[in-house]
Amino acid sequence: MSDLELSYVIPFKDWGLRRIGLAVESARASLGGIPGEVIVSDYGSEFEGEELDHFRSYLESRGAVYVRTETDGVWSRSRALNAGMAVARGRVLVAADADMVVPPDCLQRTAEIIGADPNLASSTAASTFLPTGGTRRSRTGASTGRRCVASRPCGPGGGWD
């Protein structure tokens, strides 16, 4: 069993560096005092060579684990999440979107609540999103948003869709 309390997985394809960087930085800060990881699962982005190296270095310098999956060019959020979850080591798994900014201490509190009762799960879309123009906006409702579960039930044969 890992000593990490939480793994936060951000799937994406061809997002701008600034926007994905903000998502990573907010997630890292939201971990508060708990041990956790932020995994960026790049599913088929068109970055190559020096541009790919720069992208990877930028994310890793902000504490992210970078996972790249080569594809035939077709985007699949569920496959991107599965690639990220395959390397996740946390006791609590959180699936996110690449344009989400996580409120302070949100992930720490999520790990505390779900870690205390592994039978719990959470699904929420209450977040701050970053549209292309860069203006932050909040949204609450039923959409993909964040999904959080204990890692125990997501073993072999499990997956995210």
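The values are calculated or read from the model by the stated rules, or taken from the named source; none is laboratory data. These numbers come from a predicted model, not from an experiment. Using ideal geometry, Cβ is built from the backbone for each residue, glycine included, and neighbour counts are taken over all protein chains shown.
What strands (runs of 3 or more DSSP E) lie completely within segment 1-101 and have 2 or more residues being farther than 24 Å from Gly115 by Cα?
Fully inside segment 1-101 and qualifying: 36-43, 64-69.
Go through (1) surrounded by 15 or more Cβ atoms within 10 Å (Cβ to Cβ); (2) β-branched (Val, Ile, Thr); (3) at pLDDT 55 or above; (4) over 20 Å from Ser7 (Cβ atoms) and name the single condition Ile114 misses.
Ile114 satisfies every listed condition except (4).
Restricting the first residue to segment 79-103 and requiring it to be under 20 Å from Leu120 (Cα atoms), which pairs with a second residue that is among the β-branched types (Val, Ile, Thr) and assigned to a helix (DSSP H, G or I) meet a Cβ separation below 7 Å and a spacing of at least six or different chains?
Val92/Thr110; Val92/Ile114; Val94/Thr110
Collect the residues in segment 15-25 that are touching a helix residue (DSSP H, G or I) at 6+ places or on another chain (Cβ under 9 Å) and at pLDDT 90 or above, keeping them in residue-number order.
As a first pass, look at segment 15-25 and keep what is touching a helix residue (DSSP H, G or I) at 6+ places or on another chain (Cβ under 9 Å): 15, 17, 20-21, 24.
Selection gives Ile20, Gly21, Val24.
If I filter segment 31-44 for residues that are among the charged types (D, E, K, R), farther than 15 Å from Arg77 by Cα and surrounded by fewer than 20 Cβ atoms within 10 Å (Cβ to Cβ), do I get at least one hit?
No - not one qualifying residue is present in segment 31-44.
Out of curiosity, is Arg62 modelled with pLDDT of 90 or more, surrounded by fewer than 18 Cβ atoms within 10 Å (Cβ to Cβ) and within 22 Å of Leu6 (Cα to Cα)?
Against the criterion (modelled with pLDDT of 90 or more, surrounded by fewer than 18 Cβ atoms within 10 Å (Cβ to Cβ) and within 22 Å of Leu6 (Cα to Cα)), Arg62 qualifies.
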